[in-house]
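The values are calculated or read from the model by the stated rules, or taken from the named source; none is laboratory data. The model shown is predicted, which means the values in this text are computed figures rather than measured ones. Here Cβ is always computed from backbone atoms with ideal geometry, including for glycine, and neighbour counts include all displayed protein chains. All accessible areas refer to the heavy atoms of the entire protein, side chains included, with ligands and DNA or RNA removed. Shrake-Rupley method; radii C 1.70, N 1.55, O 1.52, S 1.80 Å.
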Amino acid sequence: MEQDKTTISNSTSVALATKVKDYFQLIKFTLSFMVVFSTVVSYLLATNYRNPLDILLLFLGGMCITGSANTINQITEKDTDALMKRTASRPVASGRMSVNEATAFAVITGVLGLAIMYFRFNWQSSLIGLVSLFLYGFIYTPLKKVNSIAVLVGAFPGAFPCLIGWVAAFYNSDVLWIGGWILFGIQFLWQFPHFWAIAWVAHQDYSKAGFKLLPSDKGPTKFTAVQTIMYSLLMVPVGFLPYVVKFIPNDNGQGYHSMCGIVSMWIVLACNLWMVFVSVRLYINMDVKSARKVMFSSYFYLAVVLLALLADRIH
């Protein structure tokens, strides 16, 4: 009898662990964490007021909104996900989770995330969150099979987290919105070399699923590499904006200061030049290895740039 109870208990634990793992997969936790990371850092860049509860709720709200969008994405793409090796094991695509369950999860997390932003912070940040969720889940996702312009459309919800974080702290002054738009611009441009590198590496899988994410209909071509270089170059002047644009009033009421100091400016410049370098290497080599280097460099780029800006801001 005791053994039966132990067996049932163990089975229940395994089933629960599996279900939790499925939900983590459903919200694409690693991707969502990176997105919400930019929201939290933008919030911290915007204000000296750092209530740990607010930071925790901002993280939770952001994870719910992003997780809801990613869930909608997996519901919509369940059939195509099943065709690709790297996505076939996702909960809905594999059949481990029903569409109804995933839909309920998307609704609950989406409403909860937007409610947190509205009631704890402000309606502006909640509205931007709603627009971001709608663009990603209902415009970008189906557009991926139609035209590569989907990458441009997807870059907006991909960059809105920076604006959400900033607006959550500063919402009642048009001047103070400038900082959010600067961070938005950095993350907006970053997404093009980032996504095109991913699409290059996963081209065969994406083609099998009917996704059109590269700027050329012919797949990984010199044109794609040139586009990657172009957007990496555009990131260089935008990277100077957190230092050169002075828009935050000084404490003494005299004049304005910029978001960050000269140290972060040099770090951001170095990161931008590195992105240009790896993009040029992709143009020269035209291979998956070089595309993978662009992809991994882009991951490190975002983390290093945001943390450098934050460290310089705190200093």
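What to note about this one:
- For GLY165: the one exception among (1) under 17 Å from LEU306 (Cα atoms); (2) open to solvent by 30 Å² or more (accessible area, probe 1.4 Å): (2)
- Of all the residues in segment 39-88, those that are open to solvent by less than 60 Å² (accessible area, probe 1.4 Å), assigned to a loop (DSSP other than H, G, I, E, B) and of a type in the set (Ser, Thr, Tyr) number 2.
Per-residue answers, yes or no, for (1) under 30 Å from SER125 (Cα atoms); (2) modelled with pLDDT of 90 or more; (3) in contact with a Leu (Cβ under 6 Å, 6 or more places away or on another chain):
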| site | (1), (2), (3) |
| --- | --- |
| THR71 | yes, yes, yes |
| LEU83 | no, no, no |
| ALA88 | no, no, no |
| ASN100 | yes, yes, no |
| VAL107 | yes, yes, no |
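- Check on ILE116, more than 17 Å from LYS28 (Cβ to Cβ), of a type in the set (Val, Ile, Thr), in a helix (DSSP H, G or I) and open to solvent by 20 Å² or more (accessible area, probe 1.4 Å): yes
- Qualifying residue in segment 137-144 (condition: over 24 Å from PHE184 (Cα atoms), of a type in the set (D, E, K, R) and in contact with a helix residue (DSSP H, G or I) (Cβ under 9 Å, 6 or more places away or on another chain)): no
- For THR18, the conditions (1) under 28 Å from VAL167 (Cα atoms); (2) open to solvent by less than 80 Å² (accessible area, probe 1.4 Å); (3) of a type outside the set (Asp, Glu); (4) at pLDDT below 85 all hold with the exception of (1).
- Filter pass, LEU163 being within 30 Å of HIS257 (Cα to Cα) and within 15 Å of the chain's Cα centre (by Cα): yes
Per-residue answers, yes or no, for (1) at pLDDT 90 or above; (2) closer than 26 Å to SER297 by Cβ:
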| residue | (1), (2) |
| --- | --- |
| VAL153 | yes, yes |
| ILE164 | yes, yes |
| LEU183 | yes, yes |
| HIS203 | no, yes |
| GLY210 | no, no |
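- Residue check for PHE277: without any contact (Cβ under 8 Å) to a residue 60 or more places away in the chain, open to solvent by 20 Å² or more (accessible area, probe 1.4 Å) and either on the phi < 0 side of the Ramachandran plot or in contact with a helix residue (DSSP H, G or I) (Cβ under 9 Å, 6 or more places away or on another chain) (or both): yes
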